[in-house]
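Report on one structure; see the data block that follows.
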Amino acid sequence: MARSAACLSLAASGELAKRVEAAYRHLEDCDLCARYCRVNRRKGIAGAVCRTGERALVASYGPLWCATIRISALLLVSCVDLLK
């Protein structure tokens, strides 16, 4: 049986687009970390505690069993960018 990346099946079903939309909504009123700065990261970093804009750079990745759903949603945005 052939295996493929999970984001490909999510893209085919339309679920990935829904999740990306939800992730972008979180960026517009940022609540991705415990500081809840509520900055619109899509427009810039002014006021953002983390000083991270719309596109975060990922230094490393791997299974994080304690990761929250919000951070997982942000990673899905990166997956969509790879598909473009």
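I'd like the residue in the range 25-55 that is within 11 Å of the chain's Cα centre (by Cα) and surrounded by fewer than 16 Cβ atoms within 10 Å (Cβ to Cβ) and, out of all such residues, is modelled with the highest pLDDT.
R25
Could you please tell me which pairs satisfy a Cβ distance under 8 Å, a separation of 6+ or placement on different chains, a first residue in the range 46-62 that is at positive phi, and a second residue that is surrounded by 12 or more Cβ atoms within 10 Å (Cβ to Cβ)?
Close Cβ pairs (under 8 Å, with a partner that is surrounded by 12 or more Cβ atoms within 10 Å (Cβ to Cβ)) amount to G47/C37; G47/V39; R51/I45.
The values are calculated or read from the model by the stated rules, or taken from the named source; none is laboratory data. Remember, predicted model here, so these are calculated numbers, not experimental data. Cβ sites come from the backbone with ideal geometry, for glycine too, and all protein chains shown count toward neighbours.
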